[in-house]
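Engineer: Quick one: structure below, then a few questions.
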Amino acid sequence: MSEKTILTGPEVRVMRPDDLEAVVEIDAKVFGQRRPEYYERKIAHALDKTQQLVTSLVIEVEGDVAGFIMGEVYLGEFGLPETTATIDTIGVDPIYQGRGMGAALFEEFVSHLRRVGVQSIITRVNWNDWGLLRFFERVGFSPANIMNLELVLE
């Protein structure tokens, strides 16, 4: 009798400490540079049990991390009275892009946020990042009536 390999579909789950290297590699493939220190801090913060309002998820395909999403919940920050959340980092391995991985991550992320009473999600996108802008448009984002202000320090 021969053994059959059971193939599994994508699975979204909460990020774990051992996801660090996969997240760094995906980010490097997408953005062209490795940022391990950045993700060490982000993942440590995301997994800190005292930080109850951080949501970080990964999507796995056949046991390999194919993408991730990270964000936080804010309770009235920046003078906004409602509970809001941010998406500060999202990445899908280029070999899995265009296969619904980002949408699956986003849907689960939104599900987590709804359970804690989030009323809106905010993110920032580079004006020229057409792929990311199209992704956020497809999942329902539109320009916010909040202005981003910047002071360049020299």
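The values are calculated or read from the model by the stated rules, or taken from the named source; none is laboratory data. Keep in mind the model is a prediction, meaning the values are calculated, not measured. Neighbour counts are summed over all protein chains in view; Cβ atoms, including those assigned to glycine, are modelled from backbone coordinates with ideal geometry. These area figures cover heavy atoms from the full protein model, side chains too; ligands, DNA and RNA do not enter into them. Shrake-Rupley method; radii C 1.70, N 1.55, O 1.52, S 1.80 Å.
Engineer: Take the solvent-accessible surface of the protein heavy atoms, probe 1.4 Å, and return the percent of it on the chain that carbon and sulfur atoms account for. Each step should come with its number before you reach the end.
Structural biologist: Working: 5600 of 10550 Å².
On the chain, the fraction of accessible area on carbon and sulfur atoms equals 53 percent.
Engineer: While we're here: Let me know the longest stretch in the chain that avoids all trypsin sites (Lys or Arg not before Pro) found in a DSSP loop with at most 11 other C-beta atoms within 10 Å.
Structural biologist: It runs 50-123.
Engineer: Also, quick follow-up: Divide by every residue of the chain the summed helix terms, -39500 (n - 2.57) for each DSSP H run of at least 4, and state the resulting mean residue ellipticity at 222 nm, rounded to the nearest 500 deg cm²/dmol.
Structural biologist: Here the helix-only value at 222 nm equals -9500 deg cm²/dmol.
Engineer: Using a 1.4 Å probe, how large is the accessible area of Leu20, given in Å² and rounded to the nearest 10?
Structural biologist: For Leu20, solvent-accessible area is about 40 Å².
Engineer: Once you put a point 7 Å from the Cα of Glu40 and another 7 Å from the Cα of Asp129, both along the Cβ direction, what distance in nm separates them?
Structural biologist: With each label point 7 Å from Cα toward Cβ, the separation is 2.4 nm.
Engineer: Moving on to the next point. Could you pull the Cα extents of region 19-154 along its three principal axes, largest to smallest, in whole Å?
Structural biologist: In descending order, the Cα extents are 42, 35, 34 Å.
Engineer: Further question: What accessible area per residue, rounded to a whole number of Å², is obtained for the chain using a probe radius of 1.4 Å?
Structural biologist: 69 Å²
Engineer: While we're on this one: When you take every Cα atom in region 90-149, what is the radius of gyration, and what is Dmax, the widest Cα pair distance, in Å?
Structural biologist: Answer for region 90-149, Rg first and Dmax second: 12.7, 36 Å.
Engineer: From the phi angles alone, apply the Karplus equation (6.51, -1.76, 1.60; θ = phi - 60°) to region 89-97 and give each ³J(HN,Hα) in whole Hz, x where the residue is Gly or Pro.
Structural biologist: For region 89-97, the Karplus curve yields 8, 8, x, 10, 3, x, 5, 10, 5 Hz.
Engineer: If I take R0 = 22 Å and measure r between the Cβ atoms of Gln119 and Glu150 in this structure, what FRET efficiency does the formula 1/(1 + (r/R0)^6) give, to the nearest 0.05?
Structural biologist: Here the calculated transfer efficiency is 0.25.
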